[in-house]
Structure formats: structure tokens, C-alpha cells
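Let me begin by presenting the structure, written as C-alpha cells, before commenting on it.
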Amino acid sequence: MFSENLNKIMDSLGLTIKTLAGQMECDRSYIQRLCSGERVPKQNGRGAYNIADALYSAADMTGQTEKLNRLISCENASSADRIRDAVIAFLYDGENAETAKSRRDYAPRSGSVSYSRFGTRFNAVMELTGISNIRLGKLVNTDPSYISRFRSGFRSPKANPKMMNDIASVLLDRVFEHRKTDALAELMDISPAETEDREN
């Protein structure tokens, strides 16, 4: 059932083996084996988490998250983690995502701050400024799939200081442009005066 359900999601989202391999940064032959049923990753393993994250990221990047949620019957789409759990439950045909071992255990961490926490905050600022993955990717000269992964809490640009600074600069400029300094201050739990100092 795994391969059949994987193919269902890929067909629904218009994903090719090449596209999914690029999203997962792996060899196409690995995806080919998954799609053919030659290989099935362990349900509670890192491989399953990575596949679910790649499918979710692809849906998010192309504006098809709602479509994905309908296909997999995701009843709780309140976070990327919930959707990823539902994707895994669908792939393995019937496991209850609420009682399954959390795949969040497999999300990489950086120091004491999890990628998931970065993703939550990054997503909040992106929503505040009304910028899309594609638009931000173009402005900081990176692939939108990376922005999607940052946003979903799977990765962080911490290892690339230039990208981190570029992203922060673009988002801050949009905050000022759209007069969202008070909202940003509330989000960051600081005084509005501190954001105004940055503008000056």
C-alpha cells in the first residue's frame, strides 16, 4: 500500500520522480524504488519523516496544501507537524496520526533551539508581511523549496550567515513598507520603539 499511496500523492500534486528527488536531495533511483514498492522505509524511521516532509514542502511551495489535506483526510491541519504525521498515516494506510510515535522526534535540531521553533517564527513573520515562498526565494536568490523547508521547520539557514542576513533584511524592509512595525513588535514581544530604531 505504501507505494500505491505515495504514487497517489505524487500524481495529485503533479510531482515527478525527478522533482521529489530534488526536494529530498537524494538520488532518483531511491524515489524510483519507493514508487515501485521495491523499497519501503520503516514507518517510524527518519526515512518516512523525510518523505512526508518533502511531500508537505512540495504542496506548500505550490499552493496545494489544502488539496493534500483533502487527499490524506487530515483532520487537524493546525501545523506542519500535524500534516506530516497525517501524510505518514496515509502512506502506511491507516495508522492513527494522533497515537503514532511523533515524527517531530526526527526533526533536526541546532543547539538548544529546534528547527521547528525557527520555522514557526519564520512562518509567522512571512504571514505578517504577506510574502510567498517564491517571492522571498527570488529576493534572496535561493530556491523556493529551501524557503519552504525553513518555513516548515525542517531546516534553518543558520549555517549560512549571508542568507540569514538577506532574509532578515528583506522581511524587515517589508515590515516597514507595509507599516507592520507594531505587529512585529508584538510578535517579538518587544516595544514598538525598538523596531523603529532599526528603521532609522
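At-a-glance table
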quantity: Index of the failed condition, Arg149 passing every other in (1) without any contact (Cβ under 8 Å) to a residue 60 or more places away in the chain; (2) assigned to a helix (DSSP H, G or I); calculated: (1)
quantity: Checklist (1) touching a Lys or Arg at 6+ places or on another chain (Cβ under 6 Å); (2) in a helix (DSSP H, G or I); (3) at pLDDT below 85 applied to Arg155, failing item; calculated: (2)
quantity: Which listed residue, of Ala54, Ala77, is assigned by TED's automatic domain parsing to the domain that holds Cys26, in contact (Cβ under 8 Å) with a residue 12 or more places away in the chain and assigned to a helix (DSSP H, G or I); calculated: Ala54
quantity: Segment 171-182: number of residues that are surrounded by fewer than 17 Cβ atoms within 10 Å (Cβ to Cβ) and in a helix (DSSP H, G or I); calculated: 4
quantity: Residue list for segment 130-144, restricted to those being surrounded by fewer than 21 Cβ atoms within 10 Å (Cβ to Cβ) and either assigned to a helix (DSSP H, G or I) or among the small types (Gly, Ala, Ser) (or both); calculated: Gly130, Ser132, Ile134, Arg135, Gly137, Lys138, Leu139, Pro144
quantity: Among residues of segment 12-51, those that are at positive phi and in contact (Cβ under 8 Å) with a residue 24 or more places away in the chain, counted; calculated: 2
quantity: Members of segment 66-88 found to be modelled with pLDDT of 90 or more and within 24 Å of Gly137 (Cβ to Cβ), listed by number; calculated: Glu66, Lys67, Leu68, Asn69, Val87
quantity: So Gln43, is it touching a helix residue (DSSP H, G or I) at 6+ places or on another chain (Cβ under 6 Å), of a type outside the set (D, E, K, R) and either part of a helix (DSSP H, G or I) or not assigned by TED's automatic domain parsing to the domain that holds Arg135 (or both); calculated: no
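The rows are residues; the columns are (1) in a helix (DSSP H, G or I); (2) within 21 Å of the chain's Cα centre (by Cα); (3) surrounded by 13 or more Cβ atoms within 10 Å (Cβ to Cβ); (4) of a type in the set (Gly, Ala, Ser).
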{"residue": "Leu15", "(1), (2), (3), (4)": "no, yes, yes, no"}
{"residue": "Leu20", "(1), (2), (3), (4)": "yes, yes, yes, no"}
{"residue": "Tyr30", "(1), (2), (3), (4)": "yes, no, yes, no"}
{"residue": "Arg33", "(1), (2), (3), (4)": "yes, no, yes, no"}
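The values are calculated or read from the model by the stated rules, or taken from the named source; none is laboratory data. Computed from a predicted structure; not experimentally measured. Glycine gets a Cβ as well: all are built from the backbone with ideal geometry, and neighbour counts include every protein chain shown.
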